[in-house]
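The values are calculated or read from the model by the stated rules, or taken from the named source; none is laboratory data. All of these numbers come straight from a predicted model, not from anything done at the bench. Neighbour counts are summed over all protein chains in view; Cβ atoms, including those assigned to glycine, are modelled from backbone coordinates with ideal geometry.
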Amino acid sequence: MQKKFLGALFLMMLLNVLVKPVWIFGIDRGVQNITGFADYGRYFAYLNFCMVLGFILDPGLHIHISRLASLPEADRARLFWDGLYTKIGLFLLYILVVASVAGVAGYADLRFLFTLMVLHASVSLFAFFRLFITSGQRFKADGLLSVTDKSVVILLIGAMMLWPDSLGQITIGRFVAVQTLGIGLSMLLAVIFLFRGGWPFSFHPFRGFRSDLLFPSIPFALNIFLMTVILRADGILLERIHPDGASEAGLYASGFRILDAFGMMGTLAGGFLLPFIARHWPDASRFSQAVGVSRRALMCAAILIASVGLAIPGWLTEFLYHRSDALIINLMRIILLALPGLSLVAIHGTVLTATGHIRRFITVSGVAAMLSFCLNLWLIPRFGAQASALIAVGIQTLYAFALVRSTRRLTQIGLPASEFLSYLFVGLMGYGTIRVLAHLGVPVPVSVGVSVAVASVLFYFTLGFRISDLQRLMTRD
């Protein structure tokens, strides 16, 4: 079973490594550069507002259904249709709540906000379809679906960038419309996988909303809301309470984009791990190695990216945004230090969720969300995006270590001290390699390449991960 899981996990990582960077740094970044930091900052803030209230669309329903559908005796067809009817009801509630809160908060462009609500609701429904594919251990199909929507957007928006005279200039409105189209086509492909995958997904008529699906999901809903506040409330507050809100939100988005891209990888890894852990808990020996491999893969990538951002932020901002002023350089240098914390939160948060320790997860998330919101509310009016970046790093780091401590106490799966020291050592070596080579006049791409090679070799030896270990893990049932 671990062989099947890890093989599909590596396929998913490969597909996302090929597609997601093009989406993030070619398309999304390109749209910001074309439309401007202020217009993109407004889009970023409005989208974050929709996402913070997005817990209504998924009040923990996906996690709860994923755990139920992963059980051998689960009636997946009944779960699918009852869950789908519940999603439709939640979508109507979501529109009502978002529109009401937006009116009170003074959002003027409700039409634009509605298009983002539809986009976010479509993403949520697509995730619902995918969880049934993953819970059925069809990991390769889910890996393919993880990149289909972004592939569509890359093709269409990329064509607009190449031929603006023929296809028209890119605007934020067109960007949102193309994203919605990409999600729609991806949902169609997911439905085909579901109904042609040999599962008995015959039609079940509506028989009322199931309280056993909604009420057990309330704790998950609360935790999703708190995690979204931690990650995205700062973008909303920047646009709302800073004197130059839209521009500050756009500035913050330039660095947050990398966090968001990396967060997608953590979400995907967590989506694979959750049903796998839930199926084998409480026998931790069946999944502990899979958790370790996933954590090391994410942490190695996080350490390398953070080292690059810390060592050469000016080159990075000039390359990505054609800007190298002090504001964007300082922000980039700071915000990428949140990546290791994000990695640990993704893995160890999934372990707590899959093993049923959601109350502890909520407690930790609640403290982190309250600290993040209060600090941003206090510091944003004076210091803007720079303050939000510092707060993000501090909160994500504390949040991560609190979750690691909780998983060690409750599931015996923690972060060994030797592994933590290896991350710290390799990160410093990667940073030092880039700085020394850059000082010697070596071209930046070569410096980064050498640093990645050095760090990869050090990770290989310091983490004690050998090819023989991987072979044993892949062949174990």
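Given the residues Leu352, Leu327, which is the only one that is in contact (Cβ under 8 Å) with a residue 60 or more places away in the chain, assigned to a helix (DSSP H, G or I) and not basic (Lys, Arg)?
Numbers: Leu352 fails: in contact (Cβ under 8 Å) with a residue 60 or more places away in the chain.
Only one candidate qualifies: Leu327.
Test Ile241 against the stated conditions and say whether it is among the hydrophobic types (A, V, I, L, M, F, W, C), in contact with a Phe, Trp or Tyr (Cβ under 6 Å, 6 or more places away or on another chain), more than 22 Å from Gly26 (Cα to Cα) and in contact (Cβ under 8 Å) with a residue 12 or more places away in the chain. Steps first, please.
Details: among the hydrophobic types (A, V, I, L, M, F, W, C): yes; in contact with a Phe, Trp or Tyr (Cβ under 6 Å, 6 or more places away or on another chain): no; more than 22 Å from Gly26 (Cα to Cα): yes; in contact (Cβ under 8 Å) with a residue 12 or more places away in the chain: yes.
It is false that Ile241 is among the hydrophobic types (A, V, I, L, M, F, W, C), in contact with a Phe, Trp or Tyr (Cβ under 6 Å, 6 or more places away or on another chain), more than 22 Å from Gly26 (Cα to Cα) and in contact (Cβ under 8 Å) with a residue 12 or more places away in the chain.
Can you spot a residue in region 402-409 that is closer than 16 Å to Ala301 by Cβ and either surrounded by fewer than 15 Cβ atoms within 10 Å (Cβ to Cβ) or at pLDDT below 90 (or both)?
To start, the set of residues in region 402-409 that are closer than 16 Å to Ala301 by Cβ comprises none.
Scanning region 402-409, I find no residue that is closer than 16 Å to Ala301 by Cβ and either surrounded by fewer than 15 Cβ atoms within 10 Å (Cβ to Cβ) or at pLDDT below 90 (or both), so the answer is no.
Is at least one residue of region 77-87 over 19 Å from Gly184 (Cβ atoms), at pLDDT 85 or above and of a type in the set (Val, Ile, Thr)?
The answer is yes, given that some residue of region 77-87 is over 19 Å from Gly184 (Cβ atoms), at pLDDT 85 or above and of a type in the set (Val, Ile, Thr).
Quick check on region 302-324: of everything there that is polar (S, T, N, Q) and in a helix (DSSP H, G or I), which residue is farthest from the chain's Cα centre (by Cα)?
Taking region 302-324 first, the residues polar (S, T, N, Q) are 307, 317, 324.
Checking the rest, the ones that are also in a helix (DSSP H, G or I) come to 307, 317.
Numbers: Ser307: 20, Thr317: 22 Å.
Result: Thr317.
Which residue is surrounded by the most Cβ atoms within 10 Å (Cβ to Cβ), if the candidates are limited to region 247-284 and must be among the charged types (D, E, K, R) and at pLDDT 80 or above?
Glu248
Please list, ordered by first then second residue, the pairs with beta carbon atoms under 6 Å, 6 or more apart or interchain, first in region 433-455 and closer than 13 Å to Pro313 by Cα and in contact (Cβ under 8 Å) with a residue 60 or more places away in the chain, second among the polar types (S, T, N, Q) and assigned to a helix (DSSP H, G or I).
Every condition considered, the pairs that remain are Ile434/Ser447; Ile434/Ser451; Ala438/Ser447.
Hey, among Tyr85, Tyr43, Tyr94, which residue is over 23 Å from the mean Cα position of the chain (by Cα), hydroxyl-bearing (Ser, Thr, Tyr) and in a helix (DSSP H, G or I)? Break it down stepwise before answering.
Values: Tyr43 fails: over 23 Å from the mean Cα position of the chain (by Cα); Tyr94 fails: over 23 Å from the mean Cα position of the chain (by Cα).
After applying the criteria, what remains is Tyr85.
Given (1) buried (at least 24 other Cβ atoms within 10 Å of the Cβ); (2) within 20 Å of Asp244 (Cα to Cα); (3) of a type in the set (Val, Ile, Thr), identify the lone condition not met by Ile329.
All conditions are met except number (1).
Out of the helices (runs of 4 or more DSSP H) lying entirely within region 101-206, which hold 2 or more residues that are at pLDDT 90 or above?
Details: elements: 110-135, 139-162, 164-167, 172-195.
Counting at least 2 such residues, we get 110-135, 139-162, 172-195.
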